[in-house]
Amino acid sequence: MITDMEINRFATQSLQDVRLLHILSAALEAVDPFKAVKKYLPNLEGHVFGLGVGKAAIPMMDALVEQIPLSGGLAVTKFASGIHRERYTILEGGHPIPDARSFYAGEQVLEFVSRLSEDDTLVCLISGGGSALVTAPYVPLEDLQTLTSLLLSSGARIDEINILRRQLDRIKGGGLARATKARIISLILSDVIGNPLEAIASGPTAPDPTTKADALMILEKYFPDLTTETRRHRDSLNSVTQWLHGSKELIIDDTVFARVQNMIIGDNKLAAQAALKQAEYEGFHAEILTNELQGEARARGAELAQTLRVSISSKPRPFCLVLGGETTVTMQGNGKGGRNQELALAAVNELRDIENVFLITLATDGDDGPTDAAGAVVTGQSARRAEKLGLDAAAYLSHNDSYPFFQALGDLLMTGPTGTNVNDLIFLFAW
């Protein structure tokens, strides 16, 4: 049963309809990491150790310790300030850029798993964000930070970024599995389109199908001419490139993965299906359009606004169209926002003066880019409401400044950290 407290965290100035709030809440409820771990955790005997890595690490570890008496446990997550557990240790890492805390966490993770024996079982609880929260890089941390920041601002997809991360880190690309003798059970909450095991948290317990040559191709794609970069950026990129050229490909013993069992326990499709079911219950004609939305956020926002406009005349109302995936943002200004907010901002003028429509974007972790908002709400009145406040949607979009735009309208989704992470959801409503 979804409580009023749970649904009210989705309310904004424009978003008050309890039916819509129920639909958003149902999507997150379906990918609750605590419940997912309890559902999929197999029966285990002997000495069992737990390792949680990612934004959902704490609720996943809480479920594990409720089910099994652990011989030891460690969790690394993004928001850990003031949180303490008696039965396992909690560390905080940096995200989306790895920092000194991430580096320390990486050392602690490797030390933790390296102590385990062949008679032990290690339950790995993996969720999105793990790539940045835990790192043990082969290159200087500062160079890894610069690379990550540049890739994020260049519109690189997460699967492309993680190709580089796997080649530059001792934990990723199956490195965690190689660092321990224990049997491994990995329960994985996916934040990557299509659920490729090697891409979720950069695949600490999965073999890496890519090579250093693939990583170099990503660098060439986004940084073809290093002379255009600042000296600091150029030096860091050169450091990474030289390491990739100079180091030998690891000879991987794939027999390591014979003692690893990887299981996906939640993903974007599950959240979208729950939203669909709730929408139908609330009386909407509901449809999932895709779970693989990608591309430039502002382009997708304009396209989805057009989809909503066309659907008004072609679909029975009220309707709810659900999309899932993860877009990217190529920075053109120095504003504040995230991909979900930017997608929404691109739809504002496209939906001008259309009655009874909503476009809602939601980062399922409650954490859209480097902001404390989960997304934003757009209606047919958003453009005129903004103009009355002296705000020009196109100007704010040109500076990637979506957060203050929607903040002024009171239409930021402020859910707080949700404890889960399965990509993004976009909802198109009309009645």
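Details
- Considering each residue of the range 253-268 in turn, at least one proves to be modelled with pLDDT under 95 and β-branched (Val, Ile, Thr).
- The sole residue among Glu280, Glu350, Glu326, Glu355 that is free of Cβ contacts under 8 Å to residues at least 24 places away in the same chain and open to solvent by 30 Å² or more (accessible area, probe 1.4 Å) is Glu280.
- Flag set for Val192, criterion: buried (at least 23 other Cβ atoms within 10 Å of the Cβ) and out of contact with any Lys or Arg (no Cβ under 8 Å at 6 or more places or on another chain).
- Looking across the range 312-323, the residues that are open to solvent by less than 50 Å² (accessible area, probe 1.4 Å) and out of contact with any Gly (no Cβ under 7 Å at 6 or more places or on another chain) come down to Ile312, Phe319, Cys320, Leu321, Val322, Leu323.
- Flag if Arg101 is open to solvent by 10 Å² or more (accessible area, probe 1.4 Å), outside any helix (DSSP H, G or I) and not small (Gly, Ala, Ser): no
- Unmet criterion (only one of (1) surrounded by 24 or more Cβ atoms within 10 Å (Cβ to Cβ); (2) in contact with a Lys or Arg (Cβ under 8 Å, 6 or more places away or on another chain)) for Ser186: (2)
- Checked across the range 399-417, the condition of being touching a residue at least 24 places away in the same chain (Cβ under 8 Å), among the polar types (S, T, N, Q) and under 20 Å from Gly54 (Cβ atoms) holds for at least one residue.
- Some residue of the range 68-85 being open to solvent by 10 Å² or more (accessible area, probe 1.4 Å), in a strand (DSSP E or B) and of a type in the set (Phe, Trp, Tyr): no
- Each residue in the range 408-431 was checked for being open to solvent by 10 Å² or more (accessible area, probe 1.4 Å) and either part of a strand (DSSP E or B) or within 20 Å of Arg352 (Cβ to Cβ) (or both), and 4 pass.
- Within the range 255-277, the residues that satisfy the criterion of being crowded, with 17+ Cβ neighbours inside 10 Å and of a type in the set (D, E, K, R) are Asp267, Lys269.
- Number of the condition not met by Arg309 [criteria: (1) open to solvent by 40 Å² or more (accessible area, probe 1.4 Å); (2) under 27 Å from Phe34 (Cβ atoms); (3) over 23 Å from the mean Cα position of the chain (by Cα); (4) not polar (S, T, N, Q)]: (2)
- Some residue of the range 80-97 being acidic (Asp, Glu) and in contact with a strand residue (DSSP E or B) (Cβ under 7 Å, 6 or more places away or on another chain): yes
- Filtered residues of the range 29-42 (kept if open to solvent by less than 10 Å² (accessible area, probe 1.4 Å) and farther than 15 Å from Asp62 by Cα): Val31
- Within the range 104-136, being without any contact (Cβ under 8 Å) to a residue 60 or more places away in the chain and open to solvent by 20 Å² or more (accessible area, probe 1.4 Å) holds for Tyr104, Glu107, Gln108, Glu111, Arg115.
The values are calculated or read from the model by the stated rules, or taken from the named source; none is laboratory data. As the structure is a prediction and not an experimental result, all values here were calculated from the model. With ideal geometry, Cβ positions are generated from the backbone for all residues, glycine too; neighbour counts draw on all protein chains shown. We work out accessible area using only protein heavy atoms, side chains counted, and drop any ligands, DNA or RNA first. Shrake-Rupley method; radii C 1.70, N 1.55, O 1.52, S 1.80 Å.
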